[in-house]
1. Looking only at the range 303-337, count how many residues are in a loop (DSSP other than H, G, I, E, B) and free of Cβ contacts under 8 Å to residues at least 40 places away in the same chain.
2. Within the range 507-527, identify whether any single residue is among the aromatic types (F, W, Y), outside any strand (DSSP E or B) and touching a strand residue (DSSP E or B) at 6+ places or on another chain (Cβ under 9 Å), and answer yes or no.
3. Out of (1) more than 21 Å from D355 (Cβ to Cβ); (2) open to solvent by 60 Å² or more (accessible area, probe 1.4 Å); (3) free of Cβ contacts under 8 Å to residues at least 40 places away in the same chain, what's the single condition that is false for K291?
4. From the list F274, F260, which one is open to solvent by less than 50 Å² (accessible area, probe 1.4 Å), of a type outside the set (S, T, N, Q), in a helix (DSSP H, G or I) and modelled with pLDDT of 85 or more?
5. Does the range 282-304 include one or more residues that are over 29 Å from D193 (Cα atoms) and touching a His at 6+ places or on another chain (Cβ under 7 Å)?
6. Give just the number: which of (1) more than 33 Å from the chain's Cα centre (by Cα); (2) loosely packed, with under 15 Cβ neighbours inside 10 Å; (3) touching a residue at least 40 places away in the same chain (Cβ under 8 Å) does L377 not satisfy?
7. Does M233 satisfy the criteria of being over 18 Å from the mean Cα position of the chain (by Cα), surrounded by fewer than 12 Cβ atoms within 10 Å (Cβ to Cβ) and aliphatic (A, V, I, L, M)?
8. Determine, yes or no, whether R138 is at pLDDT 90 or above, at negative phi and either among the basic types (K, R) or touching a Leu at 6+ places or on another chain (Cβ under 8 Å) (or both).
Amino acid sequence: MFSWMGRQAGGRERSGGMDAVQTVTGGLRSLYQRKVLPLEEAYRFHEFHSPALEDADFENKPMILLVGQYSTGKTTFIRYLLEQDFPGMRIGPEPTTDSFIAVMYGETEGSTPGNALVVDPKKPFRKLSRFGNAFLNRFMCSQLPNQVLKSISIIDSPGILSGEKQRISRGYDFCQVLQWFAERVDRIILLFDAHKLDISDEFSEAIKAFRGQDDKIRVVLNKADQVDTQQLMRVYGALMWSLGKVINTPEVLRVYIGSFWAQPLQNTDNRRLFEAEAQDLFRDIQSLPQKAAVRKLNDLIKRARLAKVHAYIISYLKKEMPNMFGKENKKRELIYRLPEIYVQLQREYQISAGDFPEVKAMQEQLENYDFTKFHSLKPKLIEAVDNMLTNKISSLMSLISQEEMNMPTQMVQGGAFDGTTEGPFNQGYGEGAKEGADEEEWVVAKDKPVYDELFYTLSPINGKISGVNAKKEMVTSKLPNSVLGKIWKLADCDCDGMLDEEEFALAKHLIKIKLDGYELPNSLPPHLVPPSHRKSLPKAD
């Protein structure tokens, strides 16, 4: 067991959850520096794939990367979450955001330009300096004292235009920057406008830069209130078709539909859908702090596997090079044969094809290297990584699970996240089984005369109908028996196997709730208990 695990127990007793988080962070950092980093350095991993990880990469808050074409509402989306403006914010129908803006927490409001930002050891952006001044002049950090930013940071990206000219005019490799962020963020949100579903060439390349990060991607169909229900169905179908051509995964991406800004809805037909979708997206974002340690562990595992594969590739190329003559010809041959080499290494070391880097990109990079200067395979470095993946990771995963149980639930708070839980405007308030919760009169009473007429056609005896007769009426709803059985259990308040007129009315009300698309409660809420049965129910402890 690691020494830092031994220190963990005492740390939790002294200062609780914060020490626990630092312990996991220290464990991840220790594993990387002792096991993975030596392998990366030996085979020039940082030159081919990703710069070395620093302390800030392990300690930073969860980050969200927003990507989309211009005027899809990326900056407005951030403004919607924060419920306040941030330094450097510009919103308009034309392409306004021409920079990457890292929106982070700060005690005072202000901004830091890119060149100053990449020399700050407390920020996880130091390795971005390799993209040069053309990028750093288009990068800034916007800091403000906002409650939401105490838990997460948000990266706003430039609006993507179409055409080769835009890609050239940036002066830096836009897709490489996106790939750098994608490897370090916790969530990638692709924003689409309901009126702008085409995926331009640059946008397509940007999405392909997220290869290997599919689990982080979420899609938001924004401005959905600007179309009616019929058009929205067509828009959703067109979006899924467009995404299917770019993202080659068998799974369907989760698409959140709504209007993510604080203005009145232009079309209110789908208001309930938009509210439910917004709540689902909020829950996904709010869970990021709780899952941050697992995400970092997952990314470390992916990085270690790639580092191993890279070492096999580089050492193979070194082994195949001649000692004296014909080096250039052999180099060209090996680069050309790289797809075959991949297959050979897969068989030799039992490696999945999905762990290998993209062939074309690797071929282009290898053109610039002298293969004779590569290192031969060092089994001890490989064994260290294998040992980490086989033994150490499982121990760390157990530690993370244990600390999640002992730590208070971490949720993103503030801004729009608080607005959905205030008063009667939280999701589902006054709807479904919650309808009538704040009313004095029994909510079922308004429809009870209709239910009573049905009740008396079912041959009640001594004011009650049998289960057999109740079933005849209840099955007309066409709900499955499993649902009707739950409704019966909730409605039979005195558990006598029969229903009086109030219990029958309650059963019909619960059926209506289910048919309207709402979920049934696990236990009967106090406001739904029939008036004549309220005294007979046992009081809650």
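1. Number of matching residues: 6.
2. Initial filter on the range 507-527 (among the aromatic types (F, W, Y)): 518.
From what is left, the residues that are outside any strand (DSSP E or B) are 518.
Still in the running and touching a strand residue (DSSP E or B) at 6+ places or on another chain (Cβ under 9 Å): none.
Scanning the range 507-527 turns up no residue that is among the aromatic types (F, W, Y), outside any strand (DSSP E or B) and touching a strand residue (DSSP E or B) at 6+ places or on another chain (Cβ under 9 Å).
3. Exception for K291: condition (3).
4. After applying the criteria, what remains is F274.
5. No, that holds for no residue.
6. (2)
7. Yes; evaluated as a whole, the condition is true for this residue.
8. Yes.
The values are calculated or read from the model by the stated rules, or taken from the named source; none is laboratory data. Quantities reported herein were computed from a predicted structural model and do not represent experimental measurements. With ideal geometry, Cβ positions are generated from the backbone for all residues, glycine too; neighbour counts draw on all protein chains shown. The accessibility values were calculated without ligands, DNA or RNA, using every heavy atom of the protein model including side chains. Shrake-Rupley method; radii C 1.70, N 1.55, O 1.52, S 1.80 Å.
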